[in-house]
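Engineer: Take a look at the following structure, please.
The values are calculated or read from the model by the stated rules, or taken from the named source; none is laboratory data. Just so it is clear, the model here is predicted, and its values are computed rather than measured. In this analysis, Cβ positions are derived from the backbone assuming ideal geometry, glycine residues included, and neighbour counts consider all displayed protein chains. Quick note on the areas: whole protein, heavy atoms, side chains included, nothing else; ligands and nucleic acids left out. Shrake-Rupley method; radii C 1.70, N 1.55, O 1.52, S 1.80 Å.
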Amino acid sequence: DAREPGTVQYWRWKEQYLVRYLTWPAGKDYTKGNDDSPAMLLVHGFAASAEQWERLVYSLRKENMEINNDGKDTTPPIYAVDLLGFGHSEKPGLSYTQYLWESQLVDFAVEVIATPLIMVGNSIGGGLSAGAAASLGTKICQGLVLCNTAGVLVDPDIYEGYDKANDPTIRTWTDAALQGNPYEAPYRPVPLIGNNALDAFGTAIIQLIYPQIEKRLSIIYGHRMANADPAVVYAIQQSAASPGAANVIGSGQKLAPNRPLNEVLFMNDDDEKDNLKVMAVIGLDDQVSSPQVAQNRAKLFSKFNSDTVTVEELEDAGHCPHDEEPDMVAKSIWKWLLAATSSSSTRAIPRKEEEKVYNSR
């Protein structure tokens, strides 16, 4: 099985919570700040973990060396983090929301990676990466790859921004949050009963799903069932069996309303040249959200300015295209990254190889 295991490391977030992450070294020919791409941060989906990126990392390095005619390895340093509550990261008794995880990613990027980067996220990890990228800004997060991403996506033809009040001081969901969401009811995920209900619900879900993990993964990985191997199954089982997992799993049923992707990806900005460069990789046979939803989201992403958003549709992939079709996703990332950085001093691959990259698919 073609994968590249990462080196296990730990980080104490906010000097309290233990977070595990994996690292892969830069290629031997990588030169920071020269013609090579920024670092990469990979963010997994709900109930997954950093190990799910090992196949993509292998493919990224392989494709990079094939693109370079002289066989040089200019792959950037790569990081994959376990979100708090998942994988081998700590599972404290907190209120888990998208904003908690976005905050973790922002701090990880600033404190651990501490260089410009590109974020790659799958499922809810895509939505979290989008929110974190908006907070970091384009000088730090220089690109975003969304693999079957979660998150609210409104048809750009009808999107009008924040629409809950006729208030000129609040134009976006971010403005509303900064003012304390004055036009919305207080966020009360489980009135009266509180986290005890989430724990009970999460426990019930784990007891129901735990014996079915292998079967469910075979459906999700329908085009590459061999990739739903014992390592992937064990990673999910280990996380679900850890103390505190019930509260985390239960949180999936009470996540707060989030900012639309239209806003966090700067799609509504007047000056589009400063927009974040985005690639949406969409496995069309998505058995988690449904193939119809995946196809509809591909159409919506395609409506955005093609100078800002690139769409890659993969017919023979589902909810986790990066782990089902890692070679195809890796090729798409290098191709997109070259185009996204062509106007800056930060380049993914040497300029002389551009034609080869564009003709490789």
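Engineer: Considering only region 287-304, I want to know if a residue exists there that is within 18 Å of the chain's Cα centre (by Cα), open to solvent by less than 50 Å² (accessible area, probe 1.4 Å), touching a residue at least 24 places away in the same chain (Cβ under 8 Å) and more than 27 Å from LYS331 (Cβ to Cβ).
Structural biologist: The answer is no; no qualifying residue exists.
Engineer: Any idea how many residues of region 117-134 are over 13 Å from ASN258 (Cβ atoms), under 8 Å from the mean Cα position of the chain (by Cα) and of a type outside the set (Ser, Thr, Tyr)?
Structural biologist: Summing the residues that are over 13 Å from ASN258 (Cβ atoms), under 8 Å from the mean Cα position of the chain (by Cα) and of a type outside the set (Ser, Thr, Tyr) in region 117-134 gives 5.
Engineer: If you don't mind, there's one more thing I want to ask. Among strands (runs of 3 or more DSSP E) lying entirely in region 1-101, which contain 3 or more residues that are surrounded by fewer than 16 Cβ atoms within 10 Å (Cβ to Cβ)?
Structural biologist: Hits in region 1-101: 7-13.
Engineer: Restrict the check to region 264-280 and report whether at least one residue is surrounded by 18 or more Cβ atoms within 10 Å (Cβ to Cβ), under 30 Å from GLU160 (Cβ atoms) and among the aromatic types (Phe, Trp, Tyr).
Structural biologist: Yes; the residues of region 264-280 include at least one that is surrounded by 18 or more Cβ atoms within 10 Å (Cβ to Cβ), under 30 Å from GLU160 (Cβ atoms) and among the aromatic types (Phe, Trp, Tyr).
Engineer: Another question about this same structure. How about region 320-347: which of its residues are open to solvent by less than 40 Å² (accessible area, probe 1.4 Å), among the hydroxyl-bearing types (Ser, Thr, Tyr) and modelled with pLDDT under 95?
Structural biologist: Matches in region 320-347: THR341, THR346.
Engineer: Let me ask something else. Taking ARG259 as the residue in question, decide whether it is touching a residue at least 12 places away in the same chain (Cβ under 8 Å), basic (Lys, Arg) and either in a loop (DSSP other than H, G, I, E, B) or farther than 27 Å from LEU100 by Cα (or both).
Structural biologist: yes
Engineer: Follow-up question, since we're still on this one. Within region 150-249, considering only helices (runs of 4 or more DSSP H) that don't extend past its boundaries, which have at least 2 residues that are without any contact (Cβ under 8 Å) to a residue 12 or more places away in the chain and within 22 Å of ASP323 (Cβ to Cβ)?
Structural biologist: Result: 213-220, 230-240.
Engineer: Just the residues that are open to solvent by less than 40 Å² (accessible area, probe 1.4 Å) and in contact with a Leu (Cβ under 9 Å, 6 or more places away or on another chain), please, taken from region 305-319.
Structural biologist: The answer is THR308, VAL309, LEU314, ALA317, GLY318.
Engineer: Separate question: How many residues are touching a helix residue (DSSP H, G or I) at 6+ places or on another chain (Cβ under 9 Å) and within 25 Å of ILE220 (Cα to Cα) when one looks only at region 97-125?
Structural biologist: 9
Engineer: Please go through region 135-172 and pick out each residue that is of a type in the set (A, V, I, L, M, F, W, C), under 26 Å from the mean Cα position of the chain (by Cα) and open to solvent by less than 50 Å² (accessible area, probe 1.4 Å).
Structural biologist: LEU136, CYS141, LEU144, VAL145, LEU146, CYS147, ALA150, LEU153, VAL154
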